[in-house]
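Have a look at the structure below, then the notes.
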Amino acid sequence: MFIVHVHVRVKPDQINAFIEATKENARNSVREPGIARFDVVQQQDDPERFVLVEVYRTPEDPAKHQETAHYQKWRDAVADMMAEPRSSVKYTNMYPDEEG
């Protein structure tokens, strides 16, 4: 598995719109064969901050995800909602693995 954490800070007056657009993207994303999981989490002590936890089956699947219409719709819809550019951190899954 290949995991990406996308860190987003949203403008205070755009939080609800961001949540709705991001949930729609997540609902469509989990239907992609290359996505094992797609979580949208909001920071409890700073509701302007979100992390998208994207779990892909292979390292090639994030690029395929970015080619989808629903991702491109989300990207364009939320661009002006962000208080700063989003960032991402990539991880490799250690457990669970094939052994259990």
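Against the main long axis of the alpha-carbon atoms of the chain, helix 69-78 sits at an angle near 40°.
Fewest-first ordering of 87, 29 by other beta carbons within 10 Å of each residue's beta carbon gives 87, 29. Sorting 40, 53, 10 from the fewest to the most surrounding beta carbons within 10 angstrom yields 53, 40, 10.
Rounded to the nearest 0.05, the FRET efficiency derived from the C-beta distance between residue 94 and residue 30 at R0 = 25 Å is 0.65. Other residues within the sphere of radius under 15 Å centred on the Cβ of residue 9, judged by their own Cβ, net out at -3 (K and R +1, D and E -1). Taking 20 Å as the straight-line reach from the Cα of residue 11, the aspartates and glutamates in range (excluding those fewer than 8 positions away in the same chain) are 20, 24, 45, 46, 48, 76, 80, 84. When shorter helices are ignored and each DSSP H run of at least 4 residues is given -39500 (n - 2.57), the per-residue value for the chain at 222 nm works out to -9000 deg cm²/dmol.
Note on residue 75 and residue 37: the model spin-label points, each 7 Å out from Cα along the C-beta direction, lie 2.5 nm apart.
Within region 12-100, list the GluC sites (Glu not before Pro) lying in a DSSP loop whose Cβ has at most 14 other Cβ atoms in a 10 Å radius.
Of the GluC sites (Glu not before Pro), the ones in loops of region 12-100 whose Cβ has at most 14 other Cβ atoms within 10 Å are 60, 67, 98, 99.
Straight-line reach from residue 64: taking Cα to Cα under 28 Å and skipping same-chain neighbours fewer than 8 places apart, the lysines in range are 23, 73, 90.
Bear in mind these aren't lab numbers, they're just calculated from the coordinates by the rules spelled out. It should be emphasised that the depicted structure is a prediction, and the values quoted were computed from it without experimental measurement. Glycine also receives a Cβ, built like all others from the backbone with ideal geometry; neighbour counts cover every protein chain displayed.
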